[in-house]
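Colleague: For reference, the structure I am asking about is given below.
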Amino acid sequence: MNIGIVGLGLIGGSIALDLRSRGFNIVGVSSRQQTCDRAIARGVVNDASIHLSLMATADLVFICTPLSAIEPIVQKLIPHLSPDAIVTDVGSVKTPIVDAVSALWPNFVGGHPMAGTAESGIEAAVRDLFVGRPYVVTPTAQTPAQSVEKVEEIARLLGASVYRCGPQEHDRAVAWISHLPIMASATLVAACDREGDRDIVNLAQNLASSGFRDTSRVGGGNPELGVMVAKYNREQLLRSLSIYRDSLDELMGDIQAEDWQALEQKLKLTQQAREHYNL
Ligand code: NAP
């Protein structure tokens, strides 16, 4: 089976590395020639090009570019695809992508591997990035069942745990566990930086340890990804941010009122609630 990867960055390169090590022939397309050269040199792909015509032999094509490029790439890719080719993507938001791309190529299966690092680009690609992580597949009633199963089979080969849900359910759920945390974490760092006394800021920077590292990590990642998820999942992100702001106000209210019992009750509930997440 020939696998095509368009967008040889963190996610595309990592998928390519794992599938190549499992014996698949991997062809890659990326926007810059130097990325293609580097992908070949690193052994990420068997062949790479800046031309989408390389995808003509692919049975399954993963679109792994930034969200804004997915639909325009599929438009340009279609003349080169074999009629039976399955197209899938890895975009972090699903409803607008699934709506737009399924209309262009009905044999499209939306997907989202729930794994990443703070790095980007071909040098960031690593083996086993998806092992033990969720891989969500978001078919609609019209998506060909055999294609959904094929994408799920490949996701399992990456060592991921496969989940299936609708694109809208996906976007609502990831707003909570992925997109809201990016904004909460980013505003945490931004708030620290608003401390007026530079000596205190310098001291805080020196004293920062594991707690701050954990809570600031996702807010300090790729800014382009943060903007993309806000743009593409705007409604669900605003809904979760609004509920988050209410929760913050309630917590501030307890502290202002010195209601330590209410605060402890809230923190006990969050301690219990956290155990239900797949961490
Ligand atoms: P990335 O490391 O920046 O990789 C994307 C690559 O796509 C770039 O390195 C670029 O390669 C290439 N590219 C950009 N525009 C292109 C075009 N028009 N045609 C061909 N190649 C193009 O980003 P990423 O983190 O892998 O994210 C890729 C996708 O995965 C996004 O849709 C994102 O929502 C999703 N995702 C990200 C994460 C995460 O945590 N990072 C997790 C899950 C899913 P060149 O060097 O050739 O320009």
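The values are calculated or read from the model by the stated rules, or taken from the named source; none is laboratory data. Owing to the predicted nature of the structure, the values given are computational and were not obtained by experimental measurement. In this analysis, Cβ positions are derived from the backbone assuming ideal geometry, glycine residues included, and neighbour counts consider all displayed protein chains. These area figures cover heavy atoms from the full protein model, side chains too; ligands, DNA and RNA do not enter into them. Shrake-Rupley method; radii C 1.70, N 1.55, O 1.52, S 1.80 Å.
Every residue, every condition in (1) touching a Leu at 6+ places or on another chain (Cβ under 9 Å); (2) not small (Gly, Ala, Ser), yes or no:
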{"position": "Ile3", "(1), (2)": "yes, yes"}
{"position": "Leu8", "(1), (2)": "no, yes"}
{"position": "Cys36", "(1), (2)": "yes, yes"}
{"position": "Ile50", "(1), (2)": "no, yes"}
{"position": "Ser53", "(1), (2)": "no, no"}
{"position": "Ala56", "(1), (2)": "yes, no"}
{"position": "Thr65", "(1), (2)": "no, yes"}
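Colleague: Is it the case, given these coordinates, that Asp254 is open to solvent by less than 80 Å² (accessible area, probe 1.4 Å), acidic (Asp, Glu), more than 21 Å from the chain's Cα centre (by Cα) and more than 15 Å from Met183 (Cα to Cα)?
Modeller: Spelling it out, Asp254 is indeed open to solvent by less than 80 Å² (accessible area, probe 1.4 Å), acidic (Asp, Glu), more than 21 Å from the chain's Cα centre (by Cα) and more than 15 Å from Met183 (Cα to Cα).
Colleague: Within the range 72-96, restricting attention to residues that are part of a loop (DSSP other than H, G, I, E, B) and open to solvent by less than 30 Å² (accessible area, probe 1.4 Å), which residue is farthest from the ligand (Cβ to nearest atom)?
Modeller: Start the filter on the range 72-96 by keeping residues that are part of a loop (DSSP other than H, G, I, E, B), which leaves 81-85, 90-94.
Narrowing further to those that are open to solvent by less than 30 Å² (accessible area, probe 1.4 Å): 81, 85, 90-94.
On the way: Leu81: 15, Ala85: 17, Val90: 4, Gly91: 4, Ser92: 3, Val93: 7, Lys94: 10 Å.
Applying the filter and picking the extreme gives Ala85.
Colleague: Next up: For the range 97-137, which residues satisfy the criterion of being within 13 Å of the ligand (Cβ to nearest atom) and open to solvent by 50 Å² or more (accessible area, probe 1.4 Å)?
Modeller: Of everything in the range 97-137, those that are within 13 Å of the ligand (Cβ to nearest atom) and open to solvent by 50 Å² or more (accessible area, probe 1.4 Å) turn out to be Thr117, Ala118, Glu119, Ser120, Glu123, Val126, Arg133.
Colleague: Considering Ala58, Ala69, Ala39, which residue is open to solvent by less than 10 Å² (accessible area, probe 1.4 Å), out of contact with any helix residue (DSSP H, G or I) (no Cβ under 7 Å at 6 or more places or on another chain) and in contact (Cβ under 8 Å) with a residue 24 or more places away in the chain? Give the steps one after another, and end with the answer.
Modeller: Numbers: Ala69 fails: open to solvent by less than 10 Å² (accessible area, probe 1.4 Å); Ala39 fails: out of contact with any helix residue (DSSP H, G or I) (no Cβ under 7 Å at 6 or more places or on another chain).
The conditions single out Ala58.
Colleague: Same structure, new question: Which residue, of Arg20, Arg42, Arg38, is away from the ligand (no atom under 12 Å from the Cβ), under 15 Å from Glu123 (Cβ atoms) and basic (Lys, Arg)?
Modeller: Arg42
Colleague: For the subset of the range 97-123 comprising residues that are in a helix (DSSP H, G or I) and of a type in the set (Asp, Glu), which member is farthest from His179 (Cα to Cα)?
Modeller: Step by step, filter the range 97-123, then rank; the result is Glu123.
Colleague: Then there's this: Restrict the check to the range 138-151 and report whether at least one residue is open to solvent by less than 30 Å² (accessible area, probe 1.4 Å) and within 12 Å of the ligand (Cβ to nearest atom).
Modeller: No - not one qualifying residue is present in the range 138-151.
Colleague: Quick check on Pro181: is it closer than 30 Å to Gly121 by Cα and touching a helix residue (DSSP H, G or I) at 6+ places or on another chain (Cβ under 8 Å)?
Modeller: Criteria met by Pro181.
Let's see how each residue does on (1) over 21 Å from Pro167 (Cβ atoms); (2) touching a helix residue (DSSP H, G or I) at 6+ places or on another chain (Cβ under 8 Å); (3) of a type outside the set (Ser, Thr, Tyr):
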| residue | (1), (2), (3) |
| --- | --- |
| Glu224 | yes, no, yes |
| Asn233 | no, yes, yes |
| Asp249 | yes, no, yes |
| Ile255 | yes, yes, yes |
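Colleague: Next question. Please report, ordered by residue number, the strands (runs of 3 or more DSSP E) entirely within the range 1-61 with at least 2 residues that are farther than 21 Å from Ala160 by Cβ and of a type in the set (Gly, Ala, Ser).
Modeller: Output list reads 47-49.
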